[in-house]
Amino acid sequence: MTEHTKTPSTSKPGTGFGHLSTSSVQANVEARKARRSFWGQLALIGPAFVAGAWQFGPGNLATAVQAGSGYQYTLIWVIIVSTILMIFLTDMSVRLGIKSPVSLIQSIKDHLGKKVGVIAGIGVFLVTLCFSVGNAVGLGLGASMLLGGSPVMWTIIGTAIVATILLFRNVYRVIEKVLVVMVGVMAVAFVTSAFIANPDWAAAASGLMPVVPGNAWLLVIALVGTNFSVNAAFYTSYGTKERTRSEDDYRDITMIDTIPGIVAPGIMTSLVIIVAASVLGATGKVATTMGQLGSVFEPLAGPIGTAIFAIGFTGAAFSAMTANCTAGGTMLSDALNRRGTNGITSGTQKLISAIILAFGLTITVIFQTSPVQVIVIAQALTILVAPLLATLIVIMANRHDLMGSLRNKWWQNLFGVIGLLAVLALSIRLLLNFITG
């Protein structure tokens with residue numbers, strides 16, 4: 001019997017017949033990492049989409065339909081510019097939420113002084129008061145069109161429901177899903193109507209050129225106030241902080257949440273203008289009643305189109321009303337050092353939220369003769385406080401001791417300053433309009 005000389009095996013562990021090669025194992029590991037990364041990226045969706053949903057409320061819809069019906073495609077450029085600037089401001093707020101060890105207003109206090117932080121909280125509160133008017137009026141108009149009855153009655157009922165939700169926060173998780181479906185139905189309807197209405201796409205493209213008709217300034221200011229919502233951008237830092245995002249998440253947040261979350265409502269608002277221009281623009285008259293606003297869907301579904309609009313309008317108003325008073329209560333109570341801790345809502349937060357709701361209800365009851373115009377004016381008034389909040393975001397995003405490697409780059413500052421100058425110029429224009437009558 002012949003002996004065979006055994007030689008030491010030179011194969012690597014885990015290789016050979018019946019075993020996976022090292023490269024295969026590594027490929028599997030990488031695949032698992034990629035899958036985890038993909039779902040991890042989806043989990044980053046949140047703060048910017050909330051800000052975008054806050055933008056796409058009744059004020060946005062009302063002003064966009066008025067823009068399309070009264071000025072056809074001329075004011076589309078306002079939405080495009082506002083959306084671009086909103087992306088940069090929201091991005092700054094996201095980075096502040098990542099880098100700040102505390103909330104944004106608390107960081108403002110630490111770096112710029114307590115008085116500045118309190119002023120910021122008051123500024124946010126004033127903006128939420130303006131938005132509360134549009135939400136309250138919009139909720140009453142949408143619900144009355146859908147279910148009949150007095151708009152004021154439905155505003156009272158809706159306000160009471162929102163106040164109850166603030167006491168029982170877990171209820172909103174269920175209602176929020178219903179509201180998302182309601183707004184989603186209207187979003188699909190606008191996309192479909194944009195093609196069924198057969199708009200003049202060449203004329204729509206010409207609307208990208210900046211032109212402001214002489215009598216459209218108030219509407220332009222309202223469009224900017226809604227679509228370049230500094231308040232919503234400001235609050236994004238809170239959502240980012242609550243979700244404990246890290247610096248490693250920043251790039252994915254930008255691509256998954258910030259850009260699509262802000263671009264989506266911008267696209268929808270542009271489609272609203274296009275549909276309104278195609279359906280109502282031939283009349284040459286601005287849509288000033290809820291019936292005229294709702295008629296934008298008639299080419300799509302006839303009389304049912306008005307009901308579709310009313311469903312989405314009501315859902316958008318209800319959702320925006322809840323988010324608006326919650327944000328106002330959170331940020332002003334934070335400025336006053338009365339914010340709750342460990343996820344518990346303080347009594348001060350609830351009181352401020354209740355004041356915001358009550359203000360919107362009061363204005364709705366007082367001004368019943370021209371509700372759609374009240375919405376437009378309320379949206380325009382938000383621009384008066386926007387320069388202050390935008391300035392604070394830009395300043396804080398440039399603080400090297402706070403932001404470190406996420407500090408603003410020169411091109412981010414460029415767009416931030418452009419946005420700041422734009423809202424400042426519109427604020428001055430609005431004040432001049434009020435002074436000259």
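Points to keep in mind about this one:
- Residue within segment 118-129 that is under 24 Å from residue 57 (Cβ atoms) and part of a loop (DSSP other than H, G, I, E, B) present: no
- Inspection of segment 193-216 finds no residue satisfying the criterion of being crowded, with 24+ Cβ neighbours inside 10 Å and not small (Gly, Ala, Ser).
- Residue within segment 184-191 that is aromatic (Phe, Trp, Tyr) and either at pLDDT 90 or above or farther than 25 Å from residue 340 by Cβ (or both) present: yes
- Taking segment 196-277 as the region of interest, the helices (runs of 4 or more DSSP H) fully inside it that hold 1 or more residues being in contact with a Pro (Cβ under 9 Å, 6 or more places away or on another chain) are 217-227, 230-242, 250-253.
Residue by residue, here is whether (1) open to solvent by less than 20 Å² (accessible area, probe 1.4 Å); (2) in a helix (DSSP H, G or I) holds:
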{"residue": "345", "(1), (2)": "no, no"}
{"residue": "401", "(1), (2)": "no, yes"}
{"residue": "404", "(1), (2)": "no, yes"}
{"residue": "412", "(1), (2)": "yes, yes"}
{"residue": "415", "(1), (2)": "no, yes"}
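- Scanning segment 146-169 for residues that are in a helix (DSSP H, G or I) and either of a type in the set (Ser, Thr, Tyr) or within 17 Å of residue 133 (Cβ to Cβ) (or both) gives 151, 152, 154, 155, 156, 158, 159, 162, 163, 164.
- Among residues of segment 69-81, those that are assigned to a helix (DSSP H, G or I) and buried (at least 24 other Cβ atoms within 10 Å of the Cβ), counted: 5
- Check on residue 143, in a helix (DSSP H, G or I) and closer than 22 Å to residue 57 by Cα: yes
- Residue match in segment 372-379 (condition: open to solvent by 10 Å² or more (accessible area, probe 1.4 Å) and either of a type in the set (Lys, Arg) or free of Cβ contacts under 8 Å to residues at least 24 places away in the same chain (or both)): no
- Filtered by the rule that a residue be surrounded by fewer than 17 Cβ atoms within 10 Å (Cβ to Cβ), over 29 Å from residue 341 (Cα atoms) and either of a type in the set (Lys, Arg) or in contact (Cβ under 8 Å) with a residue 12 or more places away in the chain (or both), segment 103-155 gives a lone residue, 153.
The values are calculated or read from the model by the stated rules, or taken from the named source; none is laboratory data. This is a predicted model, so every value here is computed, not measured. FYI the Cβ positions are ideal-geometry reconstructions off the backbone, even for glycines, and counts take in every protein chain you see. Quick note on the areas: whole protein, heavy atoms, side chains included, nothing else; ligands and nucleic acids left out. Shrake-Rupley method; radii C 1.70, N 1.55, O 1.52, S 1.80 Å.
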